[in-house]
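Read through the structure below, which is laid out as structure tokens, and then see the notes.
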Amino acid sequence: MSWLQLHMRTSKADEARLEQTLEDLGALSVTLADAADEPILELGPGETRLWQQMQLSALFEADADPAAITQALRDQLGEGQASDLSFESLQDQPWERAWLEHFRPMRFGHRLWICPSGQRVEAADALIIDLDPGLAFGTGTHPTTALCLEWLDGADLQGREVLDFGCGSGILAIAALKLGAAWAHALDHDPQAIQASAGNARNNKVIERLRLYAPGELPPSPVGLILANILSGSLIKLQPTLTQLAQPGAELLLSGILQEQAEAVLEAYRPHFQMQQAASRDGWVLLHGVRSD
Ligand SMILES: C[S@@+](CC[C@H](N)C(=O)[O-])C[C@H]1O[C@@H](n2cnc3c(N)ncnc32)[C@H](O)[C@@H]1O
């Protein structure tokens, strides 16, 4: 079986009308992607946000007529909006496996690997996290997660109690447990993240050492290591909460911060933590702190 796929550009202002027109023309699906390097890094629970400029793809049955679709779009939207269209024929394939072509085992530091299911890591000393991309953020492909994973790989976590604040897929809590932490707490304000973390912890056989919290709940007592890969504005707002959850002498690892935002985050945490920049990658920085009061 094959399909006809239409590609065109659109803008946030025109997207809804265009999507309706394409559905009326028989489109089976409409997919939108960022067309102007405008990353949306974090969504609130249930929130949908669009880019200003988008690349749109619409899938039609193979026998749909490109000329008729083009003409209908021109009639409905005007020449300007319906210029720059292209069509391609897509052969059917096992789509649910297609991403595996691009998602290969990745190593972080010396021992830690993220490995999609069905693939293998040969290194004898490998500590493997079995993880497939899902709805929750955190596969290791983003620099902010990679910076945390590399730091965890180099840290002595034996017997420690860790909090993953904003756990997404649960990747950081699971990594800490695989690297020897005795116990991990994980929380997120998005229920989908909690569900994903539970599934991933189960697959990785660390669920017995992971405590998950419903959105809005916090661990009952402070811990010795807090990991938080959230955007800088949220990290600044969360300073009182993270401080309250840190034992005296606790370590704090903050990620999700662009280089130009680092000073504001450092300033927010300095009253309670001895702070420093621990690493950086592709314009993102990792901050490390030790509770000092
Ligand atoms: C960038 S993702 C990081 C996911 C994962 N920890 C990683 O390192 O890849 C940030 C996560 O924090 C969650 N989050 C953002 N603000 C939060 C808040 N105020 N309270 C709890 N979770 C929050 C988001 O829902 C998202 O799952």
What is the one condition in (1) farther than 18 Å from residue 129 by Cβ; (2) among the small types (Gly, Ala, Ser); (3) surrounded by fewer than 18 Cβ atoms within 10 Å (Cβ to Cβ) that residue 232 does not satisfy? (3)
Only one of these conditions is not met by residue 172: (1) near the ligand (Cβ under 10 Å from one of its atoms); (2) among the hydrophobic types (A, V, I, L, M, F, W, C); (3) modelled with pLDDT under 95. Which number is it? (3)
Please go through segment 187-216 and give me each residue that is near the ligand (Cβ under 10 Å from one of its atoms) and at negative phi, ordered by number. 187, 188, 189, 190, 191, 192, 193, 194, 196, 197, 213, 215
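Pick from 146, 184: which is within 12 Å of the ligand (Cβ to nearest atom), crowded, with 18+ Cβ neighbours inside 10 Å, among the small types (Gly, Ala, Ser) and more than 19 Å from the chain's Cα centre (by Cα)?
That would be 184, the only listed residue that is within 12 Å of the ligand (Cβ to nearest atom), crowded, with 18+ Cβ neighbours inside 10 Å, among the small types (Gly, Ala, Ser) and more than 19 Å from the chain's Cα centre (by Cα).
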Tally of residues being surrounded by 22 or more Cβ atoms within 10 Å (Cβ to Cβ) and more than 9 Å from the ligand (Cβ to nearest atom) across segment 153-169: 2
Only one of these conditions is not met by residue 100: (1) modelled with pLDDT of 90 or more; (2) in a helix (DSSP H, G or I); (3) under 30 Å from residue 145 (Cβ atoms). Which number is it? (1)
Assess whether residue 2 counts as being farther than 30 Å from residue 128 by Cα, over 30 Å from the mean Cα position of the chain (by Cα) and at pLDDT 90 or above. no
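Residues are listed down the side, and each one gets a yes or a no for (1) of a type outside the set (Phe, Trp, Tyr); (2) assigned to a loop (DSSP other than H, G, I, E, B); (3) loosely packed, with under 11 Cβ neighbours inside 10 Å; (4) at pLDDT 90 or above:
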{"position": "17", "(1), (2), (3), (4)": "yes, no, no, no"}
{"position": "37", "(1), (2), (3), (4)": "yes, yes, yes, no"}
{"position": "43", "(1), (2), (3), (4)": "yes, yes, no, no"}
{"position": "46", "(1), (2), (3), (4)": "yes, yes, yes, no"}
Per the list (1) within 10 Å of the ligand (Cβ to nearest atom); (2) surrounded by fewer than 17 Cβ atoms within 10 Å (Cβ to Cβ), residue check on residue 120 breaks on (1)
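Just to check your reading of the model, which residue among 210, 127 is more than 26 Å from residue 241 (Cα to Cα), hydrophobic (A, V, I, L, M, F, W, C), touching a residue at least 24 places away in the same chain (Cβ under 8 Å) and touching a strand residue (DSSP E or B) at 6+ places or on another chain (Cβ under 7 Å)?
127
The values are calculated or read from the model by the stated rules, or taken from the named source; none is laboratory data. Since this is a predicted model, take the numbers as computed values, not measurements. Every residue, glycine among them, receives a Cβ derived from its backbone with ideal geometry; neighbour counts consider all protein chains shown.
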